[in-house]
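Input: a single structure, listed below in structure tokens.
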Amino acid sequence: MVQGKLVKQIVKDCKETYLYIGGFELPDKNAAAHRVISVAKIFRELGKEVVFVGVRKDGEKGLPFLSTKTEIYGFRAYSQVYPGNYRMWFRYITSIKHYIEVVEASGGVSGIICYNFPAAGLEKIRRYCKKNGIRSYADITEWYSVSGRPFAERLIKGMDIFFAMRVVHKRMDGLLVISRYLEHYYRHHNNVVCIPPLVDLSEEKWKNTSEKSLDLLKLVYAGSPGKKDRIDILLEALRGLRRRYRLDVAGITEAEYLVSHPEQAEWIQTNENIIFHGRLSHWETLTLIKKANYSCFFRDVSRLTTAGFPTKLVEAVSCRTPVLTNRTSDIGEYLRDGKNGILIKEASTEEISEALNHAAYKMDVEPERFSYLNYIPVIKTLIGDSRF
């Protein structure tokens, strides 16, 4: 293993490569993948090279790590097997062996960006970077909640979240945060930039030639409700609609939904205007969003939803489809002046029904609001002059 002075010499000789690591599934299997690809494209615009180390849930197991090398959007990428048991999880959150392998295979790097990284591994990465003259960055898009987990899991996960959010992040050389809430929390750190989810509008998937319906209000919910989204409130609100509508639900089946909300079974099963599509590809999901008059999602206000940022908003607006939602995170910055969507004060069935009854079939949107090109100066500020 290359160590100490030799690594420092390599880093001085090669200052244009950044290693981006975390639990993302490239190229587009989770929201994390979309974020890191967009940020990496900014680095590329600045003349930097980005190398990824993510995870994979499918594909051949037992491969030598460096043999997983592939190319995605012109970026070199490696992947680890997604942990399947406690032993694998412990190794995943504590070992940095594979990341050092990539540093050495790359001939040195100028910075390592850690996406929502567990505290133990993050601190090891930070110390390794400090020892070898590499800059360490954290990309923070969540403040995770441990509610609803078993006691032992709450204890372990809670400690991890505490040390990552309140201790290790504050020691990093720079922070990329997804919301104003996190930007304010880390306001005393001298190198913090706020970057929402971003897209590359030159990609074919964002182009929308669909005409909006003018006689049937087409709605879409796209995602997995989990602990954030209150799709049950949206479905209940539809009972109060006085106009024709159709709701497409992508990401969950009807049976999966009714496990959590059996009280709505009879109404949903007899309602031909609500269609559950189950899990779809990203392209298929975007196709539904493009055809909709509104993309709808509603969330309870908590630290979890305030610290994060809804990718659903970014995807809808980038597809030229307005959203209907309630105020969480920084949504209010983007839904104003009658553009990009309708913002309600409270996620209640009454307010949602009222908004849907009066919603126009068409609304102006600003698809360029989340273009990654807008944030080139921001990343330039973050990394400064990498030749130190």
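The values are calculated or read from the model by the stated rules, or taken from the named source; none is laboratory data. Not measured: the values here are computed from a predicted model. Here Cβ is always computed from backbone atoms with ideal geometry, including for glycine, and neighbour counts include all displayed protein chains. These accessible areas exclude ligands, DNA and RNA; they are computed on the full protein's heavy atoms, side chains included. Shrake-Rupley method; radii C 1.70, N 1.55, O 1.52, S 1.80 Å.
Structure data summary
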read-out	value
Separation of alpha-carbon centers, region 114-160 and region 223-280, rounded to whole Å	35
Once the Cα gyration tensor of region 232-284 is diagonalised, semi-axes √(5λ) in Å	19, 15, 9
Computed magnitude of the charge dipole of the chain (debye, nearest 20; Cβ of K, R +1, Cβ of D, E -1)	1500
Accessible area of region 90-184 divided out per residue, in Å², using a probe of 1.4 angstrom	43
More than 14 Å apart - percent of Cα-Cα pairs taken over region 141-209	68
Rg/Rh ratio calculated on Cα atoms of region 64-205 (Kirkwood radius)	0.98
Shape call, region 196-256: gyration tensor on alpha carbons, a/c limit 1.5	oblate
Degrees, to the nearest 10: 282-291 long Cα axis against longest axis of the chain	40
Residue among L198, F75, A120 farthest towards the positive dipole end of the chain, charges placed on Cβ	A120
Crossing angle, helix 4-13 versus the chain [Cα axis fit, 0-90 degrees, rounded to tens]	70
Nearest-ten-degree value, helix 31-45 long axis tilted from longest Cα axis of the chain	60
Out-of-range pairs (alpha-carbon distance over 24 Å; input K170/K312; K157/K228; K29/K218; K69/K131)	K170/K312; K29/K218; K69/K131
Assigned charges on the beta-carbon of Lys, Arg, Asp, Glu; region 125-223 dipole about Cα centre (debye)	720
Prolate/oblate/rounded call for region 191-302, Cα gyration tensor, a/c under 1.5 rounded	oblate
Accessible surface of the chain, 1.4 Å probe, proportion on carbon and sulfur as whole %	51
Relative contact order (%) - the chain, alpha-carbon pairs under 8 angstrom, separation at least six	16
